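Working notes, structure below.
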Protein chains: 2
Amino acid sequence: MNITEQFKHIFEPELLKEFEEKLKPMSAKEGDIILDIGRSVRVIPIVLSGTLKISRIDDEGRELLLYYVSPVESCAMTFTCCMQQFPSEVKATAEKDVEFLAIPISAMDEWMMKYPTWKSFVMKTIRARFNELLKSIDQLAFQKLDERLIYYLKEKSKATSSSLINLSHEQIANEMASSREVISRLLKRLENDKKILLYRNQIKLLKDL
Amino acid sequence: MNITEQFKHIFEPELLKEFEEKLKPMSAKEGDIILDIGRSVRVIPIVLSGTLKISRIDDEGRELLLYYVSPVESCAMTFTCCMQQFPSEVKATAEKDVEFLAIPISAMDEWMMKYPTWKSFVMKTIRARFNELLKSIDQLAFQKLDERLIYYLKEKSKATSSSLINLSHEQIANEMASSREVISRLLKRLENDKKILLYRNQIKLLKDL
DNA sequence: ATAGAAATGTGACAATAGTCACCGTGCAAC
DNA sequence: GTTGCACGGTGACTATTGTCACATTTCTAT
């Protein structure tokens, strides 16, 4: 399949042509770090397949998952960092093996003025990510850990398009900036409430979660 | 003083001219709600004097302060909402009496393609607000309430350019989505530690806060 | 000056979340 | 098989935050 095929209903033909000329397809394996906090942003990724996980790390190394970047999406924060040559404030990891197009800074900037569909894509992406951050803030400020855990499981399920989540309790605790024992207990309670089923390294979400 | 005077080192002359022609100066009194969650965004404000407070409200009415918009700044989230005719996700309140320029949607959109300094301003604003949201997330995810309170006091002090904060404990608790008694106790502890001085409806920040 | 309202102080207790210690289970490599 | 290890379960304890009840202080309006 042509690489730009999946974008043909989003962008105008001339822009697609530029895609062909200027964009480098790249790939990364599950777990690979695409971009780390403090590193300068050299290219902007548009995901073709797989998923990127965007997270925030504090100075003691604790992590908090922010959101996922799915196919045909991009990460808003790289746009703005990139265009002004600022270091990244977030970490991007390949959640599953991922293929993406790398957009050079120069093109990004030029296209904003030239192609309305590109400008619109950028603005749409920025809006979407703002809303994701606001949802994170809502969760942290207003919800207890059990509600946050449910939200986390649902988002993970969406990102992987599966009701099976292949993670240890420890990994979940890390992505939520909590601790393993607490998460284990809350998961147990969800299982007792018939909302999920627990296996080793795997959680099955039931329909009434 | 000419209204566009304070922008003359940021924007090119032709854009300033458009400012004169198309922008309506507006004002609001302390406490006025400029924009509420769910309401559609009709204009984008650029603050001339005073301060806007941007906050998030949950479904039970609890509030969380996100950041302030100071003179010569704007609110990134209105940009993206505005350009796509989406309802606002945040509430904007006049923190102090405020004057601002209202930018119509049409102009906003057109200028992005036409004036590099405007595009740059928009991108800079978006980046700044992303970072503010990330700081909020850091606070909520990684810091205890006492640290958050210190951060809150410092930000408030910056926003008002004063080491005197004229707020009741109750108001602070509200903006932090916490409760009055807890905030009172933590403030008391800060006073004992010689970090602040407490008065009725007023807090004086000391230099070693 | 005094009453009433708003703001603050405080003790006691509950709920939530984090930590420590230790155990058992199941999986994988040999 | 059995050994070793990652994973998960659990009790006991601590820390943090929230809640309730009520006392005290300070300001304001009359």
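The values are calculated or read from the model by the stated rules, or taken from the named source; none is laboratory data. Every value quoted in this text rests on a predicted model; they were computed, and no experiment measured them. Quick reminder, even Gly has a Cβ in these numbers, built from the backbone with ideal geometry, and neighbours come from all protein chains shown.
Being surrounded by 19 or more Cβ atoms within 10 Å (Cβ to Cβ) and among the β-branched types (V, I, T) is a property that A:I44 has.
The single condition from (1) within 21 Å of A:A94 (Cα to Cα); (2) at pLDDT below 95 that A:K22 fails is (1). In this structure, does A:S106 turn out to be away from chain B (no Cβ under 12 Å), over 19 Å from A:I34 (Cβ atoms) and at pLDDT below 95? For A:S106, the condition - away from chain B (no Cβ under 12 Å), over 19 Å from A:I34 (Cβ atoms) and at pLDDT below 95 - is met.
One line per residue, one yes/no per condition, for (1) more than 13 Å from DNA strand C (Cβ to nearest atom); (2) within 30 Å of B:E60 (Cβ to Cβ):
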position	(1), (2)
B:L133	yes, yes
B:K156	yes, yes
B:S161	yes, no
B:H169	no, yes
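Only residues that are near DNA strand C (Cβ under 8 Å from one of its atoms) and either away from every other protein chain (no Cβ under 14 Å) or assigned to a helix (DSSP H, G or I) (or both) were counted across the stretch A:175-184, and they come to 4. For the stretch B:159-193, a tally of residues being touching a residue at least 40 places away in the same chain (Cβ under 8 Å) and of a type in the set (D, E, K, R) returns 2. Picking from residues in the stretch A:150-174 that are more than 10 Å from DNA strand D (Cβ to nearest atom) and assigned to a loop (DSSP other than H, G, I, E, B), the one that is surrounded by the fewest Cβ atoms within 10 Å (Cβ to Cβ) is A:S161. Considering the stretch A:69-85, the residues that are under 30 Å from A:S179 (Cβ atoms) and buried (at least 21 other Cβ atoms within 10 Å of the Cβ) include one that is farthest from the other protein chains (Cβ to nearest Cβ), namely A:V69. Filtering the stretch B:90-106 to residues that are in contact with a helix residue (DSSP H, G or I) (Cβ under 9 Å, 6 or more places away or on another chain) and buried (at least 19 other Cβ atoms within 10 Å of the Cβ) leaves B:V90, B:A92, B:E95, B:L101, B:I103.
For the stretch B:2-19, state whether one or more residues are under 26 Å from B:E89 (Cα atoms), crowded, with 19+ Cβ neighbours inside 10 Å and not β-branched (V, I, T). No; the residues of the stretch B:2-19 include none that is under 26 Å from B:E89 (Cα atoms), crowded, with 19+ Cβ neighbours inside 10 Å and not β-branched (V, I, T). Would you be able to say whether some residue in the stretch A:189-201 is part of a helix (DSSP H, G or I), crowded, with 16+ Cβ neighbours inside 10 Å and either acidic (D, E) or more than 11 Å from DNA strand C (Cβ to nearest atom) (or both)? Yes, the stretch A:189-201 contains at least one residue that is part of a helix (DSSP H, G or I), crowded, with 16+ Cβ neighbours inside 10 Å and either acidic (D, E) or more than 11 Å from DNA strand C (Cβ to nearest atom) (or both). The residues of the stretch B:48-68 that are of a type in the set (A, V, I, L, M, F, W, C), over 10 Å from the mean Cα position of the chain (by Cα) and more than 14 Å from every other protein chain (Cβ to nearest Cβ) amount to a single one, B:L48.
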